[in-house]
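The values are calculated or read from the model by the stated rules, or taken from the named source; none is laboratory data. Predicted model, so just to flag it, every value in this text is computed and none were measured. Every residue, glycine as well, gets a Cβ built from its backbone with ideal geometry; the counts of neighbours run over all protein chains shown. Ligands, DNA and RNA are stripped out before the accessible areas are found, and what is left, the full protein with its side chains, is counted by its heavy atoms. Shrake-Rupley method; radii C 1.70, N 1.55, O 1.52, S 1.80 Å.
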Amino acid sequence: MSLLLFKPRPLRGWMLAAMLASPSVQALDVLQTWEQARAHDPQMQVVAATRSSVQAFEAQAKALWRPVLMGSATVGAMSADTTTTGAQFAVGGQLPSTGSFATSASAATSTRWSLQAKQPLFSPERQAQQAQLHTAAGVAGLRADLAQQQFMLLTAQRYFNLLLAERQEQVLKNQYAAVSLSLTEVIDRFALGDLPVTDTHEAAARAEGLKAQLLAAGSEVQMARSVLTDSTRLGADALKPLAPKADAAVIAGPTLAQVLEQVREANTGVRLQKAQQDVARQELKKHQRSGGVTLDLVASAGRDRLSGDGDFGTSTNSQSQQMVGLSLNVPLYTGGWRSAKLQEAVDAQARAEAEVDLAVQQAQQQARSVWLALETGPARLTALKASWQASTARLDATRLGRQVGDRTTLDLLQAENDAAQAELAWLRAQTELLLTRLQLDALTGSMSVQSLQALNAQLAR
């Protein structure tokens, strides 16, 4: 008479989710995780610093056409000797006379001060530079937007990585418990002479293999949890991710043509390349033939004074000057520098245009791949769910057959493994589909908090 041991039924998905959710700890959704990461992760500090540079570029652009005031002052020791011939001078009320005079000062004290003001009136180069600074401000904003979108997507990936790692560990624990029961039964039946020793070896080997997998799964959970903890500054007990709904509604998305058009017009990376193209276009204007012509309104005032002892006794020489007028500057010859810079700017603009086309092409290829994944995703989920249900039913039948002797221990162990892998594959496909929707939002330039809110609606509370 063989000894038949009672073996519990495997945990279903809803039972497993209920076991993972602790009644004393509130689950954390993706939006809450993002809010914590945005407040604490150093990556967002980088984004904030990048965004703050926008104001600096705008301030520089405004300052280009404002007046400039410069002041200078010098003091030092100086020697001077002057001789003037053929000069006409008069002393007192006498008639002017012609003669020569000389001045001399050695070890004298020289002082000089001046004020200069300049208001730019016309400068094609300055106009191009101002346009570049405005574009640079836009580039800084786009870089910040792109970094924030990428970090938002990364936070969602970290969230689901922890969910999958915890679920995988729990499934392996359940599988290990079932295999341990099978090993106990096999050992007992082998002792009674009801099973060959090979069944004992197979069950023991599977148990040891699962033990090793459990150790690896535990390490993955610790790593995924530590990554999310470092980003959100939340304790490990607070990190309780939510699983996707088993019957999440399929949301109708835009057509492929609409997606490709949105990518061309609104993709952040494409817009960034277009801004770089504008910078290259303005650089070309700076080095054209008329780019170096400038017209400025200038005003200046200054005074020079030299005082000391010389060959003719103590002497003092003072000079003051004031001027208001226009200053026109026209570059006539620069040794080929301007023409070389112009050719460099022409090549840079051609390269920038090609980089825009390349960015559009790459973004549209990614969008096409993501869109196709979204289109086939629901059907893939349905197939994986059916596979999981079939593997669970097959496990039940194999367990019953094992009890009546129609199935071997190896058949039962394989059926338990297939059921566990099918459940994990279904859950992984669910998370991949949710992340794919976020990727499409990022590619079309519509990634925002509303995207995370839409994702939260697909999670089981």
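Data table
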item: Identity of the residue in segment 105-156, charged (D, E, K, R) and in a helix (DSSP H, G or I), that ends up nearest to T33 (Cα to Cα); result: D145
item: Test result for V279, modelled with pLDDT under 95, in a helix (DSSP H, G or I) and β-branched (V, I, T); result: yes
item: Verdict on D304 being farther than 30 Å from L427 by Cα and open to solvent by 80 Å² or more (accessible area, probe 1.4 Å); result: no
item: Residue match in segment 348-367 (condition: closer than 30 Å to D247 by Cβ and under 27 Å from the mean Cα position of the chain (by Cα)); result: yes
item: Of the criteria (1) touching a His at 6+ places or on another chain (Cβ under 7 Å); (2) of a type outside the set (S, T, Y); (3) free of Cβ contacts under 8 Å to residues at least 60 places away in the same chain, which one A345 fails; result: (3)
item: Single condition D194 does not satisfy, out of (1) at pLDDT 90 or above; (2) part of a loop (DSSP other than H, G, I, E, B); result: (1)
item: Only one of R225, R206 that is among the charged types (D, E, K, R), part of a helix (DSSP H, G or I) and either under 30 Å from A373 (Cβ atoms) or touching a Cys at 6+ places or on another chain (Cβ under 6 Å) (or both); result: R225
item: Matching residues in segment 435-460 - criterion: being in a loop (DSSP other than H, G, I, E, B), within 23 Å of E265 (Cα to Cα) and open to solvent by less than 30 Å² (accessible area, probe 1.4 Å); result: T444, M447
item: Elements of type helices (runs of 4 or more DSSP H) in segment 1-94, at least 2 residues being at pLDDT below 75 and small (G, A, S); result: 13-20
